[in-house]
Amino acid sequence: MVVRQLTEAEELVLESTERVVRALRASQRGKGGFADYLIASRAHDAARSTVLTFDRVLLAEPGFDSP
């Protein structure tokens, strides 16, 4: 996958490779997209327990809630 290759590229500096890898893994096994899980991963790192979403599919996933 392209995102995995980006985490290994020496030319790029990512804010948090661990966060990107966590989001990538979650998107591979979850119902949401990579961006959804990247936002959730960043929220988790900022000590936020949930991400608010209007996406009904994501509401079934841990860490997401409706507004």
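Every number in this text was worked out from the coordinates using simple rules, so none of it is lab data. Everything quoted here is computed from the prediction, not taken from an experiment. Neighbour counts are summed over all protein chains in view; Cβ atoms, including those assigned to glycine, are modelled from backbone coordinates with ideal geometry.
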- Message: Regarding the range 26-36, can at least one residue be identified that is surrounded by 14 or more Cβ atoms within 10 Å (Cβ to Cβ), in a helix (DSSP H, G or I) and out of contact with any helix residue (DSSP H, G or I) (no Cβ under 7 Å at 6 or more places or on another chain)?
- Response: no
- Query: Where residues in the range 37-67 are over 25 Å from Val2 (Cα atoms) and of a type in the set (S, T, N, Q), which of them is surrounded by the most Cβ atoms within 10 Å (Cβ to Cβ)?
  - Reply: Thr53
- Do we have Glu15 as of a type in the set (Asp, Glu), out of contact with any strand residue (DSSP E or B) (no Cβ under 9 Å at 6 or more places or on another chain) and in contact (Cβ under 8 Å) with a residue 12 or more places away in the chain here? no
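Given the structure, is Gly33 touching a Ser or Thr at 6+ places or on another chain (Cβ under 9 Å) and without any contact (Cβ under 8 Å) to a residue 12 or more places away in the chain? Write out each step before concluding.
Details: touching a Ser or Thr at 6+ places or on another chain (Cβ under 9 Å): yes; without any contact (Cβ under 8 Å) to a residue 12 or more places away in the chain: yes.
For Gly33, the condition - touching a Ser or Thr at 6+ places or on another chain (Cβ under 9 Å) and without any contact (Cβ under 8 Å) to a residue 12 or more places away in the chain - is met.
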